[in-house]
1. By Kyte-Doolittle mean hydropathy of at least 1.0 and Cα axial length of at least 18 Å, which whole DSSP H helices of the chain are selected?
2. So how strong a dipole does the chain carry about its Cα centre when Lys and Arg Cβ are +1 and Asp and Glu Cβ are -1, to the nearest 20 debye?
3. Could you work out the local net charge near Gly235, counting Lys and Arg as +1, Asp and Glu as -1, over the other residues with Cβ closer than 13 Å to its Cβ?
4. Using just the helices of the chain, give the 222 nm mean residue ellipticity in deg cm²/dmol: DSSP H runs with n ≥ 4 each add -39,500 (n - 2.57), and the total is spread over all residues, rounded to 500.
5. Please report, as a whole percent, how much of the solvent-accessible surface of region 200-260 comes from carbon and sulfur atoms (probe radius 1.4 Å).
6. Can you give the FRET efficiency for Glu194 and Gln72, using 1/(1 + (r/R0)^6), R0 = 41 Å, r = Cβ-Cβ distance, to the nearest 0.05?
7. How high is the relative contact order of the chain, given as a whole-number percent (alpha carbon pairs under 8 Å, six or more residues apart)?
8. Calculate, in nm to one decimal, what Asp281 and Glu402 gain on full extension: separation in residues at 0.36 nm each, minus their alpha carbon distance.
Amino acid sequence: MRFDGRNYDEARPISIQTDFMRTADGSCLIATGNTRVICTASVEENVPPFLRGKGQGWVTAEYAMLPASTGQRKKRDGIKKDGRSVEIQRLIGRSLRQAVDMKLLGERTITLDCDVLEADGGTRTASITGAMVALTCAIDKLMKSGKLAVSPIVHQVAAVSCGVVDDNPCLDLCYQEDSRAQVDMNLIMNEKGEFIELQGTGEGRAFTPDELAALMQYGKKGIEALMAAQKEALGERAALICPKPPLVVASGNAHKIKELQQIFGDYYTVVSMKALGFDADIEENADTFVGNAAIKAEAVCAALGLPTLADDSGLSVNALGGEPGVYSARYAGEHGDDKANNRKLLGKMEGIEDRSAAFKCAIALKIPGEDTIVVEGSCPGVILHEERGTGGFGYDPLFLYEPLNKTFAQVNEEEKNAVSHRARACEKMLKVLADRKDLKA
């Protein structure tokens, strides 16, 4: 037992109060025992000069101990901070940068300010743990304001101190222990149990491999408890940490995006290119669905630097030699005029007995630095003489899916997604994605 009654592998009580500062983009008050730190996150819509124009953001930190945070008044930091504060704020910054995908953050800076109200050991580790919470709150605010479509938080980060005191490995040292520790260690880890930083120093003596193993074991246990406390404090906002992998859809078609979200949404965060700021026109000048899908995927992937899905699909009528084909959306001239397209199709099919047709879809996946992968799907059907049903879009009211004896405008979304050309192509693409370690959910 230690002087405060704790077991050697027992951390001090922890509490995290989120939204402590109303004026901050994200904030919390974290207490580990008698150590208390206010952590705030402030967002600026710019980046340091060395990052301008590179399409990525930055996370940095500042750390300070308030004058009354220790038993004897500490002088405020002036223009030039003391060396300890500089070393700690650099540690906080590089630790929390491990939590964020800077490209997904975009060209903005998040500054994490950690101000120690009361110091009783472990201020740097408490600052890192609290800064993770403040950062998540700031990301939540960015997403709710529409400035971010995908959470850029790819790792959860927490930190804890350990040490050897009176020849006993101990977890989470208070000041009385830290001030006379024979060995001092700080562990910073992510949710996978991987080390972001490991600082171990023999202050009074060298330490043995067995002692190191014990400190690592205690540290891992402590960080797991801290991460649970972070998530409990964040509540629903905890879902922003390590979200499903992002998959960009190279389309502005709301119906198409919704279908793809329903098909891929259990495994990936499906987001439209427009939500990520890509709104340029892409010239689809290929004469096949495969060619146009690849053009779109490659253009958006090049612009955003993220794995991108694009599809090109349409109706192919056998008696018309495959028309409308790649011109399905603009068959009558104006892009997306469904009524006009259907009227033109019915006019061309007048008097034709063979009304067999198929919806066809090609889906392209472009991953940065790799060759484009394309899969295809097809759904056979029959073109009716008049529209039937009020759902769906495009040629759905004219396309009869014979096994159900309904048009695509008469079936619900679940029925359509089970048999459609896009669903069949998506099923093949899901198999491709399942084999990708870098894209697994």
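The values are calculated or read from the model by the stated rules, or taken from the named source; none is laboratory data. Owing to the predicted nature of the structure, the values given are computational and were not obtained by experimental measurement. Counting neighbours? That spans all protein chains shown, and the Cβs are built from the backbone with ideal geometry, glycine included. When the accessible area is computed, the model is the full protein with side chains, heavy atoms only, and any ligands, DNA or RNA have been set aside. Shrake-Rupley method; radii C 1.70, N 1.55, O 1.52, S 1.80 Å.
1. Helix filter hits for the chain: 289-304.
2. Here the chain has a charge dipole of around 820 debye.
3. So the surrounding residues net to -2.
4. -9500 deg cm²/dmol
5. With neighbouring chains kept in place, the figure for region 200-260 is 55 percent.
6. Taking R0 as 41 Å, the efficiency between Glu194 and Gln72 is 0.60.
7. Reported relative contact order: 11 percent.
8. Extra length available between Asp281 and Glu402 comes to 39.9 nm.
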